[in-house]
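Engineer: One structure, pasted below without further comment.
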Amino acid sequence: MKRLLALLMLSALLSGLLAGCAPSASDAPVTLTIWHVYGGQTDSPLNDLIAVFNQTVGRKQGIRVEVTSVSNTNTIHDAVLAAAYHDPGAPELPDLFCSYPKTVLAMPDESVLVDYRDYFSEAELDAFVPEFLEEGTVGGRVVILPLTKSTEVLFVNRTGFDRFAEATGASMEEFSTWEGVFDMACRYAQWTDALTPDIPGDGKSFFVHDYHFNYFQVAVESLGEDFFADGTVAFGPAFETAWEPYAKAALSGGLWLQSGYATEPLRTGDAIASVASSASVLYYSDTVTYPDNTSEQIRITALPCPTFRDGSRLVMQRGVGLCTVRSTPEREQAAVTFLRWLTDPQQNVPFVTRTGYMPVMRAAFDEALPAAIARLEDPKYVSLYEAYRKTQADYTFYVPPKLEPYLALETRFEDLVRQTLISARARLAAQPEADLDEACRGALEEFRTLYRR
């Protein structure tokens, strides 16, 4: 850690020589406040990086960044809106804060925030991964500058999977497509059920998806159709294509349908593969503790997210960026100087590899990231960053539409799809002679009817 900070300070001193126009050290120092979400107040990789900036480029340019809140996105969302609407007792807006587009869309006036096009040249903006910048563009204005990003990746308990593969002939290559994943899920449920012939119907789930809404949204879009129409879910033919293998796995018992995060069923051995936010790598345990209280050391491997055989390679992008509140040209320029430094690959890559995120500059994936991967010691993180590089090279990042009811649509979808399939699975278990394909079609019709009410 000391070596990393020393390297960052040296890099910062060098990059300070190249910094654009900013307040000079002879002027009164400009102190900027920031609310962010990276770690705690006393243990934060971003706080460490800000300290490096303050001691190097900030000192040279007469800029000091002061962290006044480290919280979560929901708390910052509420605090920003309270401040923007001048609610009684609300704090003043900071100079910089972490944000998703939903926060910007809910603000009373778009002019509250700086449009980064006023400060960054087109060449500078083109250096970012285009979809990352697109997500932060609201009403034609770039108001959220990407700082870190995550995507969805596949996490596999290789120890458990290798046992399944040895017994059944399953292959890691099957993880490359959704058809392969869901087919393995059905086979795994049958295989684990057969391990205890005296206890029928106790097969285990193979796969868990943290975000069922994301699975369908990206799948439908990758198959060439719009997921949304008239402000709600369209339920077109591509939705049925995505539903069929997913529902078969669910009704066969191979798809985990309980609530909670995917890390938990992998920790307890109730599933051995999952798609989740890549940033959740921090919470995947290298130990499985089974219901009988025995435990086992395992190896977690990360892979790019599956796609449909006939679909494009599309994958969800996630992650907050930083907004700058309008103030004076001097303060705004100081904020931009800090952001230029923070998003430069020399600072950005060491930061993201400490936190499990992706860098935001295109050059970072080709230049700084490979060297950073070579320094990683944990095989789980090595596989994650190799999956990141392959994803950035081979996939297109999906940018969800900025719909006002997006969150409500997502919440309703997540709740109803699980409830519908749990009920359908119970009915099928009570009538084992029933046709699986017919049960899947019936579950789709039930879900579609419930969702449209």
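The values are calculated or read from the model by the stated rules, or taken from the named source; none is laboratory data. Please read these numbers as outputs of a predicted model, since none were measured by experiment. Cβ atoms come from the backbone with ideal geometry, glycine included; neighbour counts cover every protein chain shown. To get the accessible areas, we keep the full protein, side chains included, count just its heavy atoms, and leave off ligands, DNA and RNA. Shrake-Rupley method; radii C 1.70, N 1.55, O 1.52, S 1.80 Å.
Engineer: From the residues in segment 300-346 that are of a type in the set (S, T, N, Q) and assigned to a strand (DSSP E or B), which one is farthest from D115 (Cα to Cα)? I'd like the intermediate steps shown before the answer.
Structural biologist: Looking only at segment 300-346, we keep the residues that are of a type in the set (S, T, N, Q), and these are 301, 307, 312, 317, 324, 327-328, 333, 337, 343, 346.
From what's left, assigned to a strand (DSSP E or B): 301, 307, 317, 324.
Numbers: T301: 40, T307: 35, Q317: 22, T324: 8 Å.
Ranking the qualifying residues of segment 300-346, first place goes to T301.
Engineer: Within segment 347-381, which residues are closer than 14 Å to S150 by Cα, of a type outside the set (F, W, Y) and open to solvent by 20 Å² or more (accessible area, probe 1.4 Å)? Break it down into steps so the answer makes sense when it comes.
Structural biologist: Just the residues of segment 347-381 that are closer than 14 Å to S150 by Cα, to begin with: 348-349, 351-361, 365, 381.
Retained after the next criterion (residues that are of a type outside the set (F, W, Y)): 348-349, 352-356, 358-361.
Within segment 347-381, T353, R354, M361 meet the criteria.
Engineer: Something else about it: Quick one: is S327 in contact with a Ser or Thr (Cβ under 8 Å, 6 or more places away or on another chain) and polar (S, T, N, Q)? Step through it out loud before you land on a result.
Structural biologist: Values: in contact with a Ser or Thr (Cβ under 8 Å, 6 or more places away or on another chain): no; polar (S, T, N, Q): yes.
Considered against the rule, which asks whether it is in contact with a Ser or Thr (Cβ under 8 Å, 6 or more places away or on another chain) and polar (S, T, N, Q), S327 comes out as no.
Engineer: Related question: Please work out which residue is surrounded by the most Cβ atoms within 10 Å (Cβ to Cβ), limiting yourself to segment 382-411 and to residues that are closer than 25 Å to D230 by Cβ and in contact with a Phe, Trp or Tyr (Cβ under 7 Å, 6 or more places away or on another chain).
Structural biologist: Here the answer is P400.
Engineer: For T353, indicate whether it is of a type outside the set (A, V, I, L, M, F, W, C), out of contact with any His (no Cβ under 9 Å at 6 or more places or on another chain), closer than 27 Å to M172 by Cβ and in a helix (DSSP H, G or I). Show your work before the answer.
Structural biologist: Values: of a type outside the set (A, V, I, L, M, F, W, C): yes; out of contact with any His (no Cβ under 9 Å at 6 or more places or on another chain): yes; closer than 27 Å to M172 by Cβ: yes; in a helix (DSSP H, G or I): yes.
Considered against the rule, which asks whether it is of a type outside the set (A, V, I, L, M, F, W, C), out of contact with any His (no Cβ under 9 Å at 6 or more places or on another chain), closer than 27 Å to M172 by Cβ and in a helix (DSSP H, G or I), T353 comes out as yes.
Engineer: With the structure loaded, tell me whether A189 is in contact with a Leu (Cβ under 7 Å, 6 or more places away or on another chain) and closer than 25 Å to Q419 by Cα or whether it fails that test. Before you say what the answer is, go through the steps one by one.
Structural biologist: Values: in contact with a Leu (Cβ under 7 Å, 6 or more places away or on another chain): no; closer than 25 Å to Q419 by Cα: yes.
No; evaluated as a whole, the condition is false for this residue.
Engineer: Pairs under 8 Å by beta carbon, first residue within 24 Å of W243 (Cβ to Cβ) in segment 180-202, partner open to solvent by 70 Å² or more (accessible area, probe 1.4 Å) and acidic (D, E), six or more apart or different chains?
Structural biologist: G180/E173
Engineer: Let me ask something additional. Filter segment 100-118 down to residues that are open to solvent by less than 50 Å² (accessible area, probe 1.4 Å) and either of a type in the set (A, V, I, L, M) or at pLDDT 95 or above (or both), then give me how many there are. Full working, then the answer.
Structural biologist: From segment 100-118, those open to solvent by less than 50 Å² (accessible area, probe 1.4 Å) are 101, 103-104, 106-107, 112-116; that's our starting set.
Narrowing the set further to residues that are either of a type in the set (A, V, I, L, M) or at pLDDT 95 or above (or both) leaves 104, 106-107, 112-116.
Final tally of qualifying residues: 8.
Engineer: So is E92 farther than 21 Å from R340 by Cα and not aliphatic (A, V, I, L, M) or not? So that I can check it myself, show each step before the final result.
Structural biologist: On the way: farther than 21 Å from R340 by Cα: yes; not aliphatic (A, V, I, L, M): yes.
For E92, the condition - farther than 21 Å from R340 by Cα and not aliphatic (A, V, I, L, M) - is met.
Engineer: A follow-up question, please. Those residues that are outside any strand (DSSP E or B) and either within 19 Å of S285 (Cβ to Cβ) or among the hydrophobic types (A, V, I, L, M, F, W, C) (or both), I need them from segment 144-166; list them, please.
Structural biologist: Of segment 144-166, the ones outside any strand (DSSP E or B) are 144, 147-148, 158-166.
Correct list: I144, L147, R158, T159, G160, F161, D162, R163, F164, A165.
Engineer: Let me ask something else about it. Would segment 278-294 turn up any residue that is at negative phi, touching a His at 6+ places or on another chain (Cβ under 8 Å) and at pLDDT below 95?
Structural biologist: Checked against the condition, which is being at negative phi, touching a His at 6+ places or on another chain (Cβ under 8 Å) and at pLDDT below 95, segment 278-294 yields no hits at all.
Engineer: Another question, if that's okay. Taking A170, is it more than 26 Å from Q392 (Cβ to Cβ) and outside any helix (DSSP H, G or I)? First the steps, then the outcome.
Structural biologist: Values: more than 26 Å from Q392 (Cβ to Cβ): yes; outside any helix (DSSP H, G or I): yes.
So A170 passes the test.
Engineer: OK, next. Could you check how many residues of segment 130-143 are touching a residue at least 24 places away in the same chain (Cβ under 8 Å), surrounded by fewer than 22 Cβ atoms within 10 Å (Cβ to Cβ) and assigned to a loop (DSSP other than H, G, I, E, B)?
Structural biologist: The number of residues fulfilling the criteria is 1.
Engineer: While we're on this one: Output the qualifying pairs, or none if there are none: Cβ atoms under 7 angstrom, residues six or more apart or on different chains, first residue in segment 102-129 and touching a residue at least 12 places away in the same chain (Cβ under 8 Å), second residue open to solvent by 60 Å² or more (accessible area, probe 1.4 Å) and assigned to a loop (DSSP other than H, G, I, E, B).
Structural biologist: Pairs found: L105/K402; L105/E404; P108/Y85; E110/G139; S111/R326; V112/R326; L113/R326; V114/R326.
Engineer: Please find, among A424, A363, A393, A408, the residue that is touching a residue at least 12 places away in the same chain (Cβ under 8 Å), under 30 Å from A234 (Cβ atoms) and assigned to a helix (DSSP H, G or I).
Structural biologist: Working: A363 fails: under 30 Å from A234 (Cβ atoms); A393 fails: under 30 Å from A234 (Cβ atoms); A408 fails: touching a residue at least 12 places away in the same chain (Cβ under 8 Å).
So the residue among A424, A363, A393, A408 that is touching a residue at least 12 places away in the same chain (Cβ under 8 Å), under 30 Å from A234 (Cβ atoms) and assigned to a helix (DSSP H, G or I) is A424.
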